[in-house]
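Trainee: Structure below; questions to follow.
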Amino acid sequence: QLVGVGRDQSVLKAEEKLTAAGTMILFRPNARGKVRGLSLVGPKEIGEFGCNTLVHYGGPEGSLVVHDCLVSSAGTAVKMEELDGKQDSKQDSPTLLVTDSVLSGRQCVLGYNSGRYDLVRTEFRDYGVAGSNQFHAIYCALPVSLHVERCVFQGNVGGGLEIHPYSQKIPGKGTVTILDTEFRPSAAGQGILTHAETLTVIRGCRLGTTQIHVRKGGAVVSESALEKRSQITGYALEPPGPGTWVLRDCRFGE
């Protein structure tokens, strides 16, 4: 456990500049870690190899709880990934719970493998890199269970959330639930992308001009505010084709 007296008072800070790959805090597979009441500040400048501030290596019984923290970096703020990418989706079910926190960086939460992510009352800020569409607040591979509730996304140029089709190598389907969450405008104007066989449920959200793209899977958007209906679309960059969506009791601007 890493426990501070509050994220405004307890600060662990890395060097300002890092020119090689690195990780600031690492929880090994099957660890049951907790980080509470502190700030983890990664380097402000990084080299081409990237940098991770807080990493959870999953495992069948692995869990990481992050509460009342600020985690920031020029690289990845929080990451959940099995060591060497050998996680078995049929057996392993690591969990990552983030509550009442602020995550800031080029990528805020980055998960390459299966598992459960619960993000509650958390603010994602200052993510995205000019000229790249690969840097998002949340970037996961399926099958994943992702629950986002009462969060705020306010990025620079990146999209808010992407579920990437790495899951084609892993059997199973994923689910995404986004409740009472606000997506503020970003330069990219692209907020939610879902690939593969994902069911995405969005309810009670303020979506603004966020674009929602659905590929193969399905999306249900209800009781939410958008600027216009055309913000949600099915698309297919390659087989198996575009996904489908339903709008229920939504409010639209002019």
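The values are calculated or read from the model by the stated rules, or taken from the named source; none is laboratory data. Since this is a predicted model, take the numbers as computed values, not measurements. As a convention, Cβ positions derive from the backbone with ideal geometry for all residues, glycine included, and neighbour counts pool all protein chains shown. Surface areas here come from the heavy atoms of the whole protein model, side chains and all, with no ligands, DNA or RNA. Shrake-Rupley method; radii C 1.70, N 1.55, O 1.52, S 1.80 Å.
Trainee: Applying the selection to region 200-252, what residues are open to solvent by 70 Å² or more (accessible area, probe 1.4 Å), at pLDDT 80 or above and in a strand (DSSP E or B)?
Mentor: Once the filter is applied, which keeps residues that are open to solvent by 70 Å² or more (accessible area, probe 1.4 Å), at pLDDT 80 or above and in a strand (DSSP E or B), region 200-252 yields 203, 206, 244, 245, 248, 251.
Trainee: Right, another one. If I filter region 146-181 down to residues being small (Gly, Ala, Ser) and modelled with pLDDT of 60 or more, which single residue comes out as surrounded by the fewest Cβ atoms within 10 Å (Cβ to Cβ)? Can you show your working first?
Mentor: Taking region 146-181 and keeping what is small (Gly, Ala, Ser), we get 155, 158-160, 167, 172, 174.
From what's left, modelled with pLDDT of 60 or more: 155, 174.
Details: 155: 26, 174: 24.
Filtering region 146-181 for residues that are small (Gly, Ala, Ser) and modelled with pLDDT of 60 or more, the one surrounded by the fewest Cβ atoms within 10 Å (Cβ to Cβ) comes out as 174.
Trainee: Next question, about the same structure. Return the residues of region 26-56 that are charged (D, E, K, R) and within 25 Å of residue 116 (Cα to Cα); say none if nothing qualifies. Give the derivation first.
Mentor: Keep residues of region 26-56 that are charged (D, E, K, R), which gives 28, 32, 34, 36, 44-45, 48.
Of everything in region 26-56, those that are charged (D, E, K, R) and within 25 Å of residue 116 (Cα to Cα) turn out to be 28, 32, 34, 36.
Trainee: Moving to a separate point now. Give the number of residues within region 73-106 that are open to solvent by 10 Å² or more (accessible area, probe 1.4 Å) and either assigned to a loop (DSSP other than H, G, I, E, B) or modelled with pLDDT under 70 (or both).
Mentor: Counting residues in region 73-106 that are open to solvent by 10 Å² or more (accessible area, probe 1.4 Å) and either assigned to a loop (DSSP other than H, G, I, E, B) or modelled with pLDDT under 70 (or both) gives 17.
Trainee: Out of the residues in region 55-70 that are within 17 Å of the chain's Cα centre (by Cα) and touching a residue at least 40 places away in the same chain (Cβ under 8 Å), which is most open to solvent (accessible area, probe 1.4 Å)? Even if it seems obvious, please write down each step before you answer.
Mentor: Keep residues of region 55-70 that are within 17 Å of the chain's Cα centre (by Cα), which gives 55-58, 63-67, 69-70.
After this cut, where a residue has to be touching a residue at least 40 places away in the same chain (Cβ under 8 Å) as well, the list is 56, 58, 69-70.
Details: 56: 0, 58: 0, 69: 1, 70: 47 Å².
Among those that are within 17 Å of the chain's Cα centre (by Cα) and touching a residue at least 40 places away in the same chain (Cβ under 8 Å), it is 70.
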